[in-house]
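Novice: One structure is given below, represented as structure tokens, and several questions about it will come after.
The values are calculated or read from the model by the stated rules, or taken from the named source; none is laboratory data. Quantities reported herein were computed from a predicted structural model and do not represent experimental measurements. Methodologically, a virtual Cβ is constructed for each residue, glycine included, from the backbone with ideal geometry; neighbour enumeration extends over all protein chains shown. Side chains included, ligands, DNA and RNA excluded: accessible areas come from the protein's heavy atoms. Shrake-Rupley method; radii C 1.70, N 1.55, O 1.52, S 1.80 Å.
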Amino acid sequence: FFDQSLDEVMLLDYLKQNDPHDENHVVHILDYFYHKEHLFIVCELLRDNLYEFSRYNRETGGEPYFTLPRLRRIAKQCCEALAFVHKLKLIHCDLKPENILIKSYSRCEVKVIDFGSSCYLTDHLSSYVQSRSYRAPEVILGLPYDGKIDMWSLGAILAELLTGYVLFQNDSVAAMLARITSIVGPFPETMLLRGRHAHKYFVDGMVYERDRTGLPYLLRPKATSLAARTHTDDELFLSFVGSLLQIDPEERPTAEQA
């Protein structure tokens, strides 16, 4: 943990050096210190993360905060943050609602935080990155990956903020893969052939899991759609989020394109 926090301090310092005017919606480090065997990182004071605020907003039954116009603002800021990070040859690797914090409620301004799992494109890329519900298909299958994995996470986050529910709900990786196929379609054969972990989850293009006795069984979720899961018929929203949730990363836009 200490090594990881030192890495994060160096990364945050690097991000700040490249963003002197604080224009890229990425958290700014102010200082760091060591106290009672803990490394503390001091940064600007921000508000709730999107997960906590979304839950609070739903439970208090107030006016829904995450309307389509606000989601557009949040998406744009996240894309600008990711374009900045990716330009520095970095991948965030853990984008999720908990790691996007509100800077201003009234102006709907956000900042991306938590670069503790981030890595450079030139690093040896681990296949244990990203929180499960936001993990990109290429990471799960054990394929090479780049900044496009952050774009997949952003797509899942935007759908979740609109409905208040995790888009790819799951209690295992296999269950999540089945959920992905039911919402955004089948996995391309080429990815299944190349993925070094594909055999753990797929047989003849279908997702399987093993029961407690080790016997395999197929998972066949009911086919649905992004429109049905997000309860919206807004074409722009569905088209944008749908482009981020392309299973093949080649088909997904870069942060700059998005």
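Novice: Return one number: the angle in degrees, 0 to 90 and rounded to the nearest 10, between the long axis of the Cα atoms of helix 2-17 and the longest principal axis of the Cα atoms of the chain.
Specialist: The answer is roughly 70 degrees.
Novice: Taking the simple approach of a point 7 Å from Cα along Cα-to-Cβ for both Leu45 and Tyr165, what is their distance in nm?
Specialist: In this crude label model, Leu45 to Tyr165 measures out at 3.8 nm.
Novice: Report the Cα-based extents of segment 143-207 along its three principal axes, largest first, to the nearest Å.
Specialist: 34, 25, 18
Novice: With the Cα gyration tensor of the chain in hand, convert its eigenvalues to equivalent ellipsoid semi-axes via √(5λ) and list them largest first in whole Å.
Specialist: So the equivalent ellipsoid measures 31, 23, 17 Å along its semi-axes.
Novice: Under 5 Å between amide H atoms, partner at least 5 residues away or on a different chain: which partners does Glu109 have, H built in plane at 1.01 Å?
Specialist: Excluding prolines and chain starts, which carry no amide H, the hits are Lys103, Ser104.
Novice: To continue, here is another question. Take the alpha-carbon centre of segment 128-186, take the same for segment 49-127, and report the distance between them in whole Å.
Specialist: 15 Å
Novice: Continuing with the same structure: Going highest first, how would you order 247-254, 212-219, 49-56 by mean Cβ packing within 10 Å?
Specialist: My ranking of the peptides, most packed first, is 49-56, 247-254, 212-219.
Novice: If I fit a long axis through the Cα atoms of helix 235-244 and take the longest principal axis of the Cα atoms of the chain, what angle between them do I get, 0 to 90°, rounded to 10?
Specialist: The answer is roughly 90 degrees.
Novice: Select from Gln4, Ser106, His199 the residue farthest towards the positive end of the dipole of the chain; place +1 on Cβ of Lys and Arg, -1 on Cβ of Asp and Glu, and compute about the Cα centre.
Specialist: His199
Novice: Calculate, for segment 44-144, the solvent-accessible area per residue in square angstrom, rolling a 1.4 angstrom probe over the heavy atoms of the protein chains.
Specialist: Heavy-atom accessible area per residue stands at 48 Å².
Novice: Right, next: Find which of Leu215, Gly116, His92 sits farthest along the positive direction of the dipole of the chain, computed with +1 on the beta-carbon of Lys and Arg, -1 on that of Asp and Glu, about the Cα centre.
Specialist: Leu215
Novice: Rounded to the nearest 500, what is the chain's calculated 222 nm mean residue ellipticity when only DSSP H runs of at least 4 contribute -39500 (n - 2.57) each, over all residues?
Specialist: Calculated at 222 nm, the ellipticity per residue is -11500 deg cm²/dmol.
Novice: Show the residues, 5+ positions off or on another chain, whose built amide H is closer than 5 Å to the amide H of Tyr32.
Specialist: When sequence neighbours closer than 5 places are left aside, the close amide H contacts are Val42.
Novice: Per-residue counts of other Cβ atoms within 10 Å, averaged by peptide: what ranking do you get for 192-205, 33-46, highest first?
Specialist: In decreasing order of mean packing, 192-205, 33-46 become 192-205, 33-46.
Novice: Roughly speaking, to the nearest percent, how much of segment 79-118's 1.4 Å accessible area is carbon and sulfur?
Specialist: 51 percent
Novice: Same structure again: Say R0 is 30 Å: what FRET efficiency, to the nearest 0.05, do Leu68 and Asp211 get from their beta-carbon distance?
Specialist: Step by step, r from the Cβ atoms, then E = 0.10.
Novice: Here is a further query. Using a simple charge model, +1 on the beta-carbon of Lys and Arg, -1 on the beta-carbon of Asp and Glu, nothing else, what dipole does segment 114-258 show about its Cα centre, in debye to the nearest 20?
Specialist: Computed about the Cα centre, the dipole is about 640 debye.
Novice: Right, here's the next one. Using +1 on the beta carbon of Lys and Arg, -1 on that of Asp and Glu, and nothing else charged, what's the dipole of the chain about the Cα centre, debye to 20?
Specialist: 660 debye
Novice: Shifting gears a bit: Give me the dipole magnitude in Debye, nearest 20, for segment 71-152 about the Cα centre, with unit charges on the beta carbon: positive for Lys and Arg, negative for Asp and Glu.
Specialist: 380 debye
Novice: Compute the long axis of helix 50-59 from its Cα atoms, compare it with the longest principal axis of the Cα atoms of the chain, and write down the angle in degrees, 0 to 90, nearest 10.
Specialist: With rounding to tens, the tilt is 80 degrees.
Novice: Just the number please: accessible area per residue for segment 153-223, 1.4 Å probe, all protein chains included, in Å².
Specialist: 55 Å²
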